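The values are calculated or read from the model by the stated rules, or taken from the named source; none is laboratory data. Values in this document were obtained by computation on a predicted structure and should not be read as measured data. FYI the Cβ positions are ideal-geometry reconstructions off the backbone, even for glycines, and counts take in every protein chain you see. Just so you know, the surface numbers come from the protein's heavy atoms only, side chains and all, with ligands and any DNA or RNA stripped out. Shrake-Rupley method; radii C 1.70, N 1.55, O 1.52, S 1.80 Å.
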Amino acid sequence: MACFDAKESIGRAIRSALEQHWSPLEVVVVDDASGDRSAERVRAIAAQDPRVRLVVHPHNRGVGAARNTILEHARGEFIAFFDDDDVSSPDRLRRQWERIHDYERATGAELVLCHTARSIRLPGPHARATLEPALGADITPAPSGEAVIELILLGRPVAAAGSAATCSQMARRRVYEAVGGFDGCLRRSEDTDLNMRAAAAGAHFPGVGEALVRQNITPTHDKASTAEHDNFLRLLDKHRCLLEERKAYRFTCRWVAMKFALRQRRLAAACGHALVLSGTRPIATLRRIAWSLPNWGRQRAVLRALGAAE
């Protein structure tokens, strides 16, 4: 569990981990130089329960680096990531372990990352929970390799399409070792980057269809659209060769710029990007629009709620 300025929610999140129907269990919390009393709260819990261990970064390094520190200190064969403001069902670990074990036995896959569906609670007094499906939920074989790369980079649909967020992720330690852990330079999109590299290594992404994680979205600086946009551009640049192989680098960068302009309500700029896209790559533009439509309503609700962060 990576923790940053979460004094109001960290206790609840740790209890959620400790109440898992699984043994033996350890909870490794990495405090990323919080400015509030988060570390003190974790330290108090650890004093009462030896299953909890706290590691404190002297300087803020970002969530990717914090998750790498978790990987360095975790001792288990399986690693599941929890967020500092989320709550997981008590049977989450057991259900994900069973899914991974059954999938490995059925397919012989060596690299398997399992995610669960999530119930997302947006900020605001009138916000309702929305369901975020998991990638590869309840199907065998699940999306893997090239199909996952094109889903992430190009939006191309796959069977049982869905999210693969780290807050609902579980995998064997060897999976993280095989891909070299998270990119510590990315403060956002670090989960997308890890999934990209895992897919390039041939990983499979079987998921659990039931929402075993209740995610509470809090509008922080790193979740603001400017920060997310900048980090996603870094991700595209990092994987530029994969996009250029598909003759899609410039198209994807402009598509992202159009979405960013829409998010900031700069309609003239968004229309300008849309005109260029439709004029230079009309078929690709129509195809990308068609692929995006099923998720548009849910994404719009999330973006509207997170607008307060800016």
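Here the stretch 1-151 carries DSSP beta bridges of which approximately 35% are antiparallel, counting only pairs with both residues inside. Computed from backbone phi, the HN-Hα couplings of the stretch 245-259 come to 4, 9, 6, 10, 5, 5, 4, 5, 4, 6, 4, 5, 5, 5, 5 Hz, rounded to whole numbers (Karplus: 6.51 cos²θ - 1.76 cosθ + 1.60, θ = phi - 60°; Gly and Pro given as x). The modelled label-to-label distance between residue 287 and residue 75, using points 7 Å beyond Cα along the C-beta direction, is 5.1 nm. Each Lys and Arg Cβ is given +1 and each Asp and Glu Cβ -1; about its Cα centre, the stretch 1-102 then shows a dipole of about 180 debye. Among the protein heavy atoms, those of residue 245 account for about 130 Å² of accessible surface (1.4 Å probe, every chain in place).
Accessible-area rank, largest first, for 5, 138: 138, 5, with all protein chains present and a 1.4 angstrom probe. Residue order by solvent-accessible surface for 110, 8, 40, 228 is 8, 110, 40, 228, largest first, with ligands and nucleic acids left out and a 1.4 Å probe.
For residue 35, the shell of other residues with beta-carbons less than 13 Å away shows a net charge of -3, using +1 for Lys and Arg and -1 for Asp and Glu. Excluding ligands, DNA and RNA, the accessible surface per residue across the stretch 189-293 is 50 Å² with a 1.4 Å probe. Counting protein heavy atoms only, the chain has 54 percent of its accessible area on carbon and sulfur, 1.4 angstrom probe.
Each Cα pair under 8 Å and six or more residues apart adds its separation to the average, and for the stretch 29-75 the resulting relative contact order is 50 percent. Pick out, from 114, 35, 21, the residue whose Cα sits farthest towards the positive end of the charge dipole of the stretch 1-129, with +1 on the Cβ of Lys and Arg and -1 on the Cβ of Asp and Glu. The residue sitting farthest along the positive end of the dipole is 21. Based on Cα contacts under 8 Å between residues 6+ apart, the chain shows a relative contact order of 19 percent. When both the stretch 1-28 and the stretch 98-156 are represented by their alpha-carbon centers, they are found 22 Å apart.
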